[in-house]
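Structure record follows, encoded as structure tokens.
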Amino acid sequence: MYEVKDKNKTYLFSNKTDADNYIDYLQHGLKCIAKKDRTYCFNNGARLIDVSLYGANNEKFVLHYNNKCIVSKTLQQKYIKVIGEDKT
């Protein structure tokens, strides 16, 4: 087990890569670390999935974070902004 401390919390990770990614998140902020098909993976453990139809003008996303499914576009904005910056 790998342990990462953040202020008053301790997080345990089963592999070193996940622990290193979370440390990177704490030190440098949110980043997209991988993209597979229409799924974006972030260094804090969140996954943003593009569920919009191909060819549709409006984008729809589902955010999976802390075992929760978040569909609110307002709550997804910081993740959408990060993938927007990566595209440019």
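Read-outs throughout are calculated quantities, based only on the coordinates presented, and are distinct from any laboratory measurement. All values derive from a computational prediction rather than experimental measurement. Methodologically, a virtual Cβ is constructed for each residue, glycine included, from the backbone with ideal geometry; neighbour enumeration extends over all protein chains shown.
Annotations for the structure displayed:
- Test for Tyr11: is it in a loop (DSSP other than H, G, I, E, B) and hydroxyl-bearing (Ser, Thr, Tyr): no
- For Leu75, the test of being of a type in the set (A, V, I, L, M, F, W, C) and farther than 14 Å from Arg38 by Cα is passed.
- Scanning segment 31-88 for residues that are surrounded by 11 or more Cβ atoms within 10 Å (Cβ to Cβ) and of a type in the set (Ser, Thr, Tyr) turns up Thr39, Tyr40, Ser52, Tyr65, Tyr79.
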